[in-house]
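Encoded as C-alpha cells, the structure appears first; notes follow it.
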Amino acid sequence: MKNTNEYYEKMHRIGKILTAASVLIFVGIPLVVCLRYDIMPRISDLLLAAGGLMAIFIPISIAETIAETPIMGSSYYLTCITGNVLNLKLPAALNALKIADAEQGTEEADSLIGIAVAVSSLVTMIIITLGVLLLTPLKPFLGSEVVATSINYVLPALFGCIVLSMLSKDVGGGVTINGRLKAAIIPFVICLIICFIIPEYYSVVQGFIMIICIPIIYFTTKRLYKKGKITVTLPEEKEASAEEEV
Amino acid sequence: MSFREVSESSLLYACVIIGIILIASFAVYYLILCYRHAVKLGVDRGIIKNIIKSSISFAIIPSVAIVVGLVSLAAVIGIPYSWFRLSVIGSVAYELMASNMALDALGTDVTTADGYAFGLMMWAMCLGMTVGIVFNIFFVKKIHMGTLSIGKGDAKWGALSQTVFMTTLITVLVVPMLISDLPTLMTFITSGVIAILITMLSKTFSIKWLESFTLAFSLLGAMASSVLWVGLF
C-alpha cells in the first residue's frame, strides 16, 4: 500500500508540473507574438471575445474532469494537455486495459493507461506535423468526398468496438461481474430523453450528464450488489473452485 | 501589420515548433516513467509492446481526421497556430468558434482583419481551454485518490465500484450514436461486428498478434463502411 501511495504521489506531482509547464507554453506563444508585433489585445476586447467562451467551456471542462479522471487516473494531466480525449485518449486507455487484462483502479492499469496516452499523443503530433509538411500534395485526398464522409463517423466507428468490452462479464484482472449493466438502465433512459429533447446540445452538456449519472449508477450498483442481483467473482475464488474440482 | 503577416510569421512558426517539441518531450518522459513502472510491477514486456503497437496503429486514423480539420482551420487562422492548437489541447470546432467570436468582437471578418485581430484570436483560443486545465492542478489528485479509496475493506465491492465510472461514460457517449441517424448506428454496429469477427478469427486460428489490432481494424473497416451507409440511407 505504501508503494502504491508513493507511486500515485509521484505521478500526480509530475502531472501537476507538466500541466503548469504546458500552461506557460500555451500562454507564452500568444504573449511573445503579441509583444513582438505590438498587437496585445485590450482587456475590453478580450472580455468580449473570450468571456462567453470561458463562461461555456470552463464549467464543461470542470464537469469532464470529474467524470473522466476516475478512468484516466494520473494520466489525466497529460490527456488534457494533448487533447482529443474522447476520440483518442479514452479509447487508447480502454484498449490498453483490454490487451493487458488489467483491472481498473489498480496501479498496473494506471501505468498502462499512461503508456497508451503518451504513445497516442505522440502519434497525433507526428501525423499532424506530416500533415502540415504535406498539406499541399495531400489537399485533394483530404478534401475528397470519401474522406470527408468517413471522418464524420470516427466516434461510432471507435465506440462500436469499445462497447463490446463493456458488455463482457470479464472486467480485467481475472475479476468476473454478472449483471452490472442493470444499474445503467435508468441513466440510459435519462440520456435518451435528453438526447431527444436537445439533440444539438447533447455533446456540449454531456460532461454535466455524466455528473448526474455517476451517483445514479453508483448507488444503484451498490444496492443491486447488496441484494445479490450483481455478483462479483474474484480470481482467487475461481482458483479455489478449480482446485476443489480437481 | 496585416493578419497574414502575423499568422504566417517566422516568429510564430519558431514558437510553435518549440512548443510542440516541448509538449512532445513531456509525452516521451511520461512514456518512459510509465513503461519503467509497468515493468517494475511485473507486467510482461510483450504485453507492453502490444499496447504500444496497438496504440500507434489505432491512433493514426483519428489523427488523419484531425489533419482534415487542420485544412479548414488553416484557411482561417493560418498554418502555424492551427498546427499548434490541434497538436495539443485544441479541437477544430472550438478553435473556429473562438476565432469567429474574436472577429465578431471587433466587428470584422477574415478578409478585412488585421494583425490586432489575429492577436485577439490567439488569446481567445488560448484562454477558454487553458483556464479549464488549470483546474486539474488543484482537483485531479483529490478526485482520483477519492475514487480509489471507494470500496476499501470489501475487495468485491472495490472491484465493482471501479467499473461504475466506465459504465457511466460509455452509457452517456453511446446514446447519441444509437439514435442520431441510420448511418451512425450502422457504422457503430459494423465496428462491433468487425471486432467480434477479429476476436473469433484470432482465437480459432491462434493468431495472437491480431488481437492487438482489433480496435484499429474495427475503426478502419467501420469508417469505410460509413461511406456505404451514407449512400444507402
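The Cα center of the stretch A:1-60 and the Cα center of the stretch B:192-219 differ in position by 40 Å. Residue-wise HN-Hα couplings along the stretch A:153-167, as the Karplus relation 6.51 cos²θ - 1.76 cosθ + 1.60 with θ = phi - 60° gives them from phi, are 10, 4, 5, x, 5, 7, 7, x, 6, 5, 4, 4, 5, 6, 6 Hz; Gly and Pro carry x.
Taking only Cα atoms and a 10 Å spring cutoff, compute GNM fluctuations for chain A and point out the largest among A:Lys98, A:Lys227, A:Lys16. Among A:Lys98, A:Lys227, A:Lys16, the largest mean-square fluctuation in the Gaussian network model of chain A belongs to A:Lys227. Calculated FRET efficiency, A:Ser144 to B:Ser180, Cβ-Cβ distance, R0 = 30 Å: about 0.80 to the nearest 0.05. Take the Kirkwood radius over Cα pairs of the stretch A:2-87, plug it into Stokes-Einstein at 10 °C and 1.306 mPa s, and you get 103 µm²/s for translational diffusion.
Here the stretch A:187-239 and the stretch A:161-175 have alpha carbon centers that stand 15 Å from each other.
When each of A:Ser74, B:Ser57 is scored by the number of other beta-carbon atoms lying within 10 Å, the sequence from fewest to most is B:Ser57, A:Ser74. Across the stretch A:177-182, rounded Karplus estimates of 3J(HN,Hα) from the backbone phi angles (6.51 cos²θ - 1.76 cosθ + 1.60, θ = phi - 60°) give 10, 9, x, 5, 6, 4 Hz, Gly and Pro being marked x.
Inter-part distance, the stretch B:112-188 to the stretch B:23-72, computed on C-alpha centroids, equals 19 Å. Give me the base-10 log of I(q)/I(0) for chain B at each q in 0.15 Å⁻¹, Debye formula, one uniform scatterer per Cα, rounded to two decimals. At q = 0.15 Å⁻¹ the computed log10 ratios are -1.33.
For chain A, a/c is not less than 1.5, where a ≥ b ≥ c are the root eigenvalues of the C-alpha gyration tensor, and a/b tops b/c. That puts it in the prolate class. Taking other C-beta atoms within 10 angstrom as a stand-in for reagent exposure, B:Leu232, A:Leu46 fall in the order B:Leu232, A:Leu46, fewest first. If a/c stays under 1.5 just call it rounded; otherwise compare a/b with b/c (prolate if a/b is bigger, oblate if not). Do that for the stretch B:1-139, with a ≥ b ≥ c from the square roots of the Cα gyration tensor eigenvalues. The shape class here is prolate.
Between B:Ile207 and A:Glu6, the modelled labels are 4.5 nm apart [label points 7 Å from Cα along Cα→Cβ]. Among B:Ile179, B:Ile56, B:Ile89, the largest mean-square fluctuation in a Gaussian network model of chain B (Cα springs under 10 Å) belongs to B:Ile179. Note on chain A: with a GNM built from Cα contacts shorter than 10 Å, the maximum mean-square fluctuation among A:Ala20, A:Ala93, A:Ala102 falls on A:Ala20.
Cα-Cα over 25 Å: which of A:Lys89/A:Lys226; A:Lys89/B:Lys156; A:Lys227/B:Lys156; A:Lys98/A:Lys139; A:Lys169/A:Lys227; A:Lys222/B:Lys208? In this structure, A:Lys89/A:Lys226; A:Lys89/B:Lys156; A:Lys98/A:Lys139; A:Lys222/B:Lys208 exceed 25 Å between Cα atoms.
For B:Leu232 and A:Phe196, the FRET efficiency from 1/(1 + (r/R0)^6), where r spans their Cβ atoms and R0 equals 25 Å, is about 0.55.
Calculated [222 nm] ellipticity per residue, helices only, for chain B: -29000 deg cm²/dmol; basis is -39500 (n - 2.57) per DSSP H run with n ≥ 4, divided by all residues, nearest 500. Mind giving me the FRET efficiency for A:Lys226 and B:Phe138? R0 is 35 Å, r the Cβ-Cβ distance, nearest 0.05 is fine. It comes out at approximately 0.50.
Label-to-label distance, B:Leu22 versus B:Ser72, with points set 7 angstrom from Cα along the beta-carbon direction: 3.1 nm. Model label points for B:Met145 and B:Ala93, set 7 angstrom from Cα along the Cα-to-Cβ axis, are 3.5 nm apart. For chain B, the membrane-span-like helices by this rule, meaning whole DSSP H stretches whose C-alpha atoms cover at least 24 Å of axis and whose Kyte-Doolittle mean is -0.5 or above, are B:10-40, B:45-77, B:115-148, B:163-179, B:182-204, B:214-232; this says nothing about an actual membrane. By the helix-only formula, in which each DSSP H run with n ≥ 4 contributes -39500 (n - 2.57) and the sum is divided by residues, chain A has a 222 nm mean residue ellipticity of -26000 deg cm²/dmol. Every pair of different Cα atoms in the protein assembly as shown enters the Kirkwood calculation, which places the hydrodynamic radius at 23.3 Å.
When each of A:Cys34, A:Cys80, B:Cys126 is scored by the number of other beta-carbon atoms lying within 10 Å, the sequence from fewest to most is A:Cys34, B:Cys126, A:Cys80. Rounded to the nearest Hz, the phi-derived 3J(HN,Hα) couplings of the stretch A:88-93 under the Karplus curve 6.51 cos²θ - 1.76 cosθ + 1.60 (θ = phi - 60°) are 9, 5, 5, x, 4, 5, where x marks glycine and proline. Shape of the stretch A:89-220 from the C-alpha gyration tensor: oblate (a/c of 1.5 or more and a/b not above b/c, with a ≥ b ≥ c the square roots of its eigenvalues). Angle between the Cα long axis of helix A:43-72 and the longest principal axis of chain A, 0 to 90 degrees, nearest 10? The helix A:43-72 is inclined about 20 degrees to chain A.
Laboratory data are not the source of any read-out in this text; all were calculated from the coordinates shown. Just so it is clear, the model here is predicted, and its values are computed rather than measured. When we count neighbours, we look across all protein chains shown, and the Cβ atoms used for this are built from the backbone with ideal geometry, even at glycine.
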